[in-house]
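Notes to accompany the following structure.
Only the coordinates and a few stated rules stand behind these numbers; no lab work does. Worth saying up front: this structure is predicted, and the values here are computed from it rather than measured. Every residue, glycine as well, gets a Cβ built from its backbone with ideal geometry; the counts of neighbours run over all protein chains shown.
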Amino acid sequence: MNAKQAAAFKAVSYIKDGMIVGLGTGSTAYWAIQYLGERVQQGLKVTAVATSDETERLAREVNIDVQPLDKVDILDIDIDGADEVDKNLNLIKGGGGALLREKIVAVASKMFIVIADESKLVENLGKFPLPVEVIPFGYTHTAKKLAALGCKPVLRVKEGKTSITDNSNYILDCHFNVIADPAALQQQINAIAGVVESGLFVKVASKVIVGSADGAVKEIAK
């Protein structure tokens with residue numbers, strides 16, 4: 001069991017019968033979906049909300065009941081990965097392109113559990129480029145406003161084509177290098193016309209489960 005698998009396995013152990021569960025997107029969240037699927041096969045009854053079309057497909061493959069977010073009340077637990085985690089449990093997310101839905105689901109949950117390997121723990125956020133979801137209309141102008149905040153915004157391209165999110169938007173990967181004040185930056189970014197959401201998750205995570213290469217896990221709670 002590798003670091004990502006160990007963290008995912010521990011997170012899934014918090015899920016109890018009858019819960020409504022948010023399922024994240026990405027390589028670490030993939031393992032949470034697989035382990036939850038195994039528990040469903042063993043008789044666990046849960047309702048899940050997916051944070052992306054890909055996650056919904058993976059969940060249905062392992063017979064997890066997936067419902068739209070608007071069909072459920074408050075979620076009991078949301079499990080998702082992160083690209084960076086600082087000492088205050090602030091996050092950068094969105095490397096997989098699902099940051100908008102991931103944030104909507106996270107803030108609709110009683111408990112947001114972040115699963116990660118040790119490489120994701122950082123002193124300051126920012127080395128990983130901050131994803132910002134923007135509407136396509138006038139995105140070059142939106143990018144100029146983001147650049148004025150001290151970053152280099154790069155339009156995300158996949159296989160030679162502009163990457164399109166599940167919400168039909170673009171992503172600008174903003175290279176800040178160091179983000180000294182995540183809360184202030186989040187407010188500044190969200191105030192820019194054309195921005196839909198940023199990948200900064202400030203004071204959203206309830207706990208972080210960190211997996212190690214030897215299969216051990218540690219929990220960091222706020």
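With a threshold of 32 Å on the Cα-Cα distance, the over-threshold entries among K161/K203; K71/K144; K103/K145; K45/K127 are K161/K203; K71/K144; K45/K127. Which one, A50, G150, I104, projects farthest toward the positive side of the charge dipole computed for region 35-151 from Cβ point charges (K/R +1, D/E -1)? The one lying farthest along the dipole's positive direction is G150. Summarising the label geometry, the points placed 7 Å from Cα in the beta-carbon direction at D70 and A148 lie 3.5 nm from one another. Taking 7 Å steps out from each Cα toward its Cβ at I135 and E61 produces label points 3.5 nm apart. Of all segments of the chain bounded by GluC sites (Glu not before Pro) found in a DSSP loop with no more than 11 other C-beta atoms within 10 Å, the longest spans 1-122. For R39, R156, R57, the sequence from fewest to most other C-beta atoms within 10 Å is R57, R39, R156. Residues F112, F128 in ascending order of nearby Cβ atoms (within 10 Å, fewest first): F128, F112. The alpha carbons of the chain give a radius of gyration and a Dmax of 17.0, 53 Å, in that order.
For the chain, give the magnitude of the charge dipole about the Cα centre (Cβ charges: +1 Lys/Arg, -1 Asp/Glu; no others), in debye to the nearest 20.
In debye, rounded to 20, the chain gives about 320.
Within region 130-194, all pairs of alpha-carbon atoms sorted by distance into 10 Å bins from zero give the percentages 22, 56, 21, 1.
The distance from the alpha carbon centre of region 192-212 to that of region 61-88 is 13 Å, rounded to a whole number. Comparing D78, D181, D53 in a Gaussian network model of the chain (Cα springs below 10 Å), the most mobile by mean-square fluctuation is D181.
Normalised by the number of residues in the chain, the average gap of Cα pairs under 8 Å and 6 or more apart makes the relative contact order 25 percent.
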